[in-house]
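A short worksheet on the structure shown next.
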Amino acid sequence: MDLSLMILLSLVAAPVLYFLARFSKKTAYVLFALIQISLFAYIFFQKESAYTTSVFEIMEGLKFNFGFTPINWYFASIIMLIISMTSVFLISMNNKTPVKVLLLSLMASGAIGATLSMDFLTLIVFWEITTWSSLVFIAIDREKSFEEVLKYVSISAIGTYAMIFALFYILKSFGTVNYLEVASKLEIAPNNTKILIFALFGVMVLAKLGSFPLHIWVRGSYSTSPDEFPILSSALSKIAAYLLFIIVAVIPSSSIFSWLPSIAGVSIVNYLLAWLGGIAIIVGTVMAIRMEEVKELIAFSSVSNAGYIVLALALGGTYGTIGGLMHVLNHALASAAIFMSMAAVAYRTGTTKMHELGGLITRMPVSFATYLVAIISLAGIPPMSGFASKWLIYQQLVKDGLPFLAFAAFFGSIGSFMYVFKPLTGVFLGQLKPEHKNVKEAPFIMLLPMGILTLLTIFWGVLPSNAIAYINRLISYTGGKEIQLTFSKIFALTGQWDSVLVTTVFFVGFIIAFIVFILGKKAKQVDLMDTYTGGEYIYTAELYHFVYRMYRSFDRMFQEWPSMENWLTSLSYKIKELGALLRTLFYPKYPQGYIAVSLLTLLIAFWWLR
Amino acid sequence: MSILKGAALLILAFFYTVTLEGIARKITARIQRRYGPPFWQNFIDIFKALTKHSISHGFIFDFGVLMAFGGTIATVLFIPAGNLVVFPGLDNVFVVIYLLAIGLLGMAMSSVGSGNPNAGIGIGRALTQMLGYELPFMIVLVGVFFQYKNSSLSDLVNIQIESGQYNAWLMPLGAVVAFISLLGMLGKKPFDVFIAPAEIASGPLVEYSGKYLGMLLIQHSFAVFIEIGLFVNLFLGGGRTIWEFLVKFFAVFFLAVIISSIMPRFRVEQAVKFYWKWPLILSFVQTIIVIVSAGR
């Protein structure tokens, strides 16, 4: 099947699904899932193919160009993997509406078009399809999310206008928008042009990836939107990683900025970008630790992980690039799995506030297992896939000798133990609330995609060489240096990482532990409320669940810190006040006011024209 | 062969660390002008705990203990003890640190899974304090790895032995910072707020009894072996023989114990603020000195 035909069909499917959903929602959702799975399968099996196609001439010489290169293939298959798994997950969600399936379908086709694009124009057109449909989607069934959508609109408008400006600038100066041609023309362009274009694209990347300083939309739009959105967003924001990879590796930013001074072998522009990533890691981590609602918490963890991706890709180098690309995969898998398990919890209990939940492990064990594996990966602990990417990023930081950026990376990594553990305690462990006594496990159709994502996380954790082999193809396509691999080992600057050995040793340790455990006397099973209480009598499980403000001491350290969101909020108040002042001038309540204003105008006009 | 070596290392780690912990009780007692228990008291405690009846709070309570014990045993195997090296070249420091984390995660999960809020408070404090002590330690490690372009423990030991220059002499500030971080890792005073027996009833350990407590006591001994072993190998050049390693190990352990026995206890945010002040600044200074003097 032709690529453009596939994307066209995917776009056409959206209204068809809408009308179908008006008759039968279930059928439309099942059909949507089938379409997404077949799209994923189609893209996934195009691994070896390398062809391009262009359609729909917009104006002289400008067409939509799609194609398969290892880069497009990598990003498109990650995004479509998450989207297809989500589409299966959605079949049994509540609140299905025809509009939602229309928007979801548009988002998916936008994402495919954007990641398979071969030039900046196609990228932005399809990306905006995704953005605008997700904008409507966030505000769709909750009133309070309207304000959050405004934040999203304004931030993504900043990014989009920056990118459109860069696009027309490129078109006017170079006469082409194709990635590779732009790359070769940019090499010989004037220095100002290089900086301008890189900065404009950088703004777009930071805005859409949700990285510092354009991260303020992430918390609100994840927490107030329908539960479907954050799951998808973990994939959709990766389009920004695709653009980032294009501007730092395909248009090799290190070579176009070679005339600028460099710090530790990293050109200063890349270094500054890496620092924005580093700040995003710290800000995201600190804020995530302080949140009390799961979706907000994971939203800030997404900011932190977006920071990792920016830092790694901006640093460049073999390990940085490969680590960053692998982190795209790991974070997409882990955050989708986390949001799915939280959506499953919300589906059964109706809340995602941690202090309103607790003890659900006995009621929802599979959701718990999904969450556990995902957080182990997110925290970068072996033997899950998250370790390999963080390990590679550290290798690059050590190689370049950048202790301050390494500080940011370690802060995010160790801080992540804190914030991933809080929902684990709050939602799944601790005391079961009496009103959740009869909660059941999520339906099978929800557990299926969760299980698949979990297995993939474990698979790429035990055999990261498999994922890195794909990335190596991508790296050699862009002319970078490949990393050395064997079946179980990855070789890097400071040594080797033998994932199979470590996993085996861990299981040997586990078996030893199990033998010791079995040899001991059988334990007496007691209730969760039957604990050491210092001699007091406690009967209320709700009060006996410690999670609200779990890290109060950490909070105290950071509560005096400046908050960008508060600053922007007070700025918006100031602007509103200014508007109110102007309104009193130009829209007075009494006719005298109008006369005064018109006299004043006449006087000024007379004086000025005199 | 590596199976035999692994078994030998585990047995060594168990007997040596448990003995040392017994001696530590004696040392503390003598500093406080008490007589103190015999040095084999900890063996008695562990054996007794393992053979007693116990209670369980459900699946995750059991599973977490297994994960903690298994993860820590796995980590011990990556610590070279003198010439007893189980996986030469594969004992990457990052692997050791993160593999140790899986044991800690298991323990945290299990104790919070007991439903006792004291355990939750203890784990919250432990994780917060971890953010304090790990950061300076990791920054120092960046310097060490940059210097040698290697992060394998056994290779680092060989390099130090061959050149005759221990990292503690080459990077004195780094060694001091790493030792202060080590006190936090070991949960020695003044950084023992997460187990504070009088405040939160031993925190994470509050619900354990019988074989669970016994396993966690062994797990704690292994964790001590890993943490001090890491310091000895990284900064004191490990050892040519097992004996040399064990002597250095004892010296570090002894120093930690006597410091611990005369210290009061930090509140958790005081501990974190402390780590983020002098140790962190010193670690940056040390790492920058290393990076600049290595001449890139």
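The values are calculated or read from the model by the stated rules, or taken from the named source; none is laboratory data. Remember, it's a predicted structure, so these values are computed and weren't measured experimentally. Backbone-built Cβ (ideal geometry, glycine too); neighbour counts: all protein chains shown. Just so you know, the surface numbers come from the protein's heavy atoms only, side chains and all, with ligands and any DNA or RNA stripped out. Shrake-Rupley method; radii C 1.70, N 1.55, O 1.52, S 1.80 Å.
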(request) Would you check if residue B:179 is aromatic (Phe, Trp, Tyr), assigned to a helix (DSSP H, G or I) and open to solvent by 20 Å² or more (accessible area, probe 1.4 Å)? (result) yes
(request) Report whether or not residue A:451 is at pLDDT 85 or above and open to solvent by less than 10 Å² (accessible area, probe 1.4 Å). (result) no
(message) So if I check each of B:113, B:122, which one is crowded, with 24+ Cβ neighbours inside 10 Å, within 7 Å of chain A (Cβ to nearest Cβ) and either more than 28 Å from residue A:528 (Cα to Cα) or in contact (Cβ under 8 Å) with a residue 12 or more places away in the chain (or both)?
(response) B:113
(request) Return the residue satisfying two criteria in turn: it lies in the stretch B:69-89 and is within 8 Å of chain A (Cβ to nearest Cβ) and part of a loop (DSSP other than H, G, I, E, B), and of such residues it is farthest from residue A:367 (Cα to Cα). (result) B:89
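Rundown of residues vs (1) aliphatic (A, V, I, L, M); (2) surrounded by fewer than 20 Cβ atoms within 10 Å (Cβ to Cβ); (3) in a helix (DSSP H, G or I), yes/no style:
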position: B:12; (1), (2), (3): yes, yes, yes
position: B:19; (1), (2), (3): no, yes, yes
position: B:30; (1), (2), (3): no, yes, yes
position: B:67; (1), (2), (3): yes, no, yes
(request) Name every residue in the stretch A:174-194 that is under 19 Å from residue A:478 (Cβ atoms), hydrophobic (A, V, I, L, M, F, W, C) and open to solvent by 20 Å² or more (accessible area, probe 1.4 Å), in order of residue number. (result) A:180
(request) Taking residue A:538 as the residue in question, decide whether it is more than 7 Å from chain B (Cβ to nearest Cβ), at negative phi and open to solvent by 90 Å² or more (accessible area, probe 1.4 Å). (result) no
(request) For the stretch B:127-165, name all the residues that are surrounded by fewer than 24 Cβ atoms within 10 Å (Cβ to Cβ), within 22 Å of residue B:279 (Cβ to Cβ) and more than 9 Å from chain A (Cβ to nearest Cβ). (result) B:147
(request) Report, by residue number, each residue of the stretch A:198-249 that is closer than 16 Å to residue A:304 by Cα, β-branched (Val, Ile, Thr) and buried (at least 24 other Cβ atoms within 10 Å of the Cβ). (result) A:205, A:218
(message) Going through B:229, B:238 one at a time, which residue ends up being in contact (Cβ under 8 Å) with a residue 12 or more places away in the chain, in a loop (DSSP other than H, G, I, E, B) and more than 12 Å from every other protein chain (Cβ to nearest Cβ)?
(response) B:238
(message) Would you confirm, using the coordinates I've provided, whether residue A:113 is at pLDDT 85 or above and in contact with a Lys or Arg (Cβ under 7 Å, 6 or more places away or on another chain)?
(response) no
(message) Condition (residue is part of a helix (DSSP H, G or I) and over 30 Å from residue A:289 (Cβ atoms)) applied to the stretch A:518-527: is it met by at least one residue?
(response) yes
(request) Look through A:276, A:232 and report the one residue that is touching a residue at least 12 places away in the same chain (Cβ under 8 Å) and outside the structural domain of residue A:476 (by the TED database). (result) A:232
(request) Among the residues of the stretch A:250-298, write down those that are part of a loop (DSSP other than H, G, I, E, B) and either open to solvent by less than 10 Å² (accessible area, probe 1.4 Å) or farther than 29 Å from residue A:233 by Cβ (or both). (result) A:251, A:252, A:257, A:258, A:259, A:260, A:261, A:264, A:265
(request) Could you please let me know if residue A:445 is in contact (Cβ under 8 Å) with a residue 24 or more places away in the chain and over 25 Å from residue B:107 (Cα atoms)? (result) yes
(request) Just one of (1) in contact with a helix residue (DSSP H, G or I) (Cβ under 6 Å, 6 or more places away or on another chain); (2) under 30 Å from residue A:553 (Cα atoms); (3) part of a loop (DSSP other than H, G, I, E, B) trips up residue A:432, so point out which. (result) (1)
(request) Inspect all residues belonging to the stretch B:103-110 and state whether any of them is facing chain A (nearest Cβ under 7 Å), touching a residue at least 40 places away in the same chain (Cβ under 8 Å), at negative phi and of a type in the set (Gly, Ala, Ser). (result) yes
(request) Name the residue, out of B:238, B:214, that is under 18 Å from residue B:140 (Cα atoms) and touching a helix residue (DSSP H, G or I) at 6+ places or on another chain (Cβ under 9 Å). (result) B:238
(message) Just the residues that are at the interface with chain B (Cβ under 8 Å from one of its Cβ atoms) and under 31 Å from the mean Cα position of the chain (by Cα), please, taken from the stretch A:494-535.
(response) A:494, A:495, A:496, A:497, A:498, A:502, A:506
(request) Return only the number of the condition from (1) touching a Leu at 6+ places or on another chain (Cβ under 6 Å); (2) at pLDDT below 85 that residue B:201 does not satisfy. (result) (1)
(message) I'm checking my understanding of the structure. Among residues of the stretch B:245-296 that are closer than 24 Å to residue A:396 by Cα, among the polar types (S, T, N, Q) and surrounded by 14 or more Cβ atoms within 10 Å (Cβ to Cβ), which one is nearest to the other protein chains (Cβ to nearest Cβ)?
(response) B:287
(message) If I filter the stretch A:431-443 for residues that are among the acidic types (Asp, Glu) and either open to solvent by less than 50 Å² (accessible area, probe 1.4 Å) or closer than 21 Å to residue A:502 by Cβ (or both), do I get at least one hit?
(response) yes
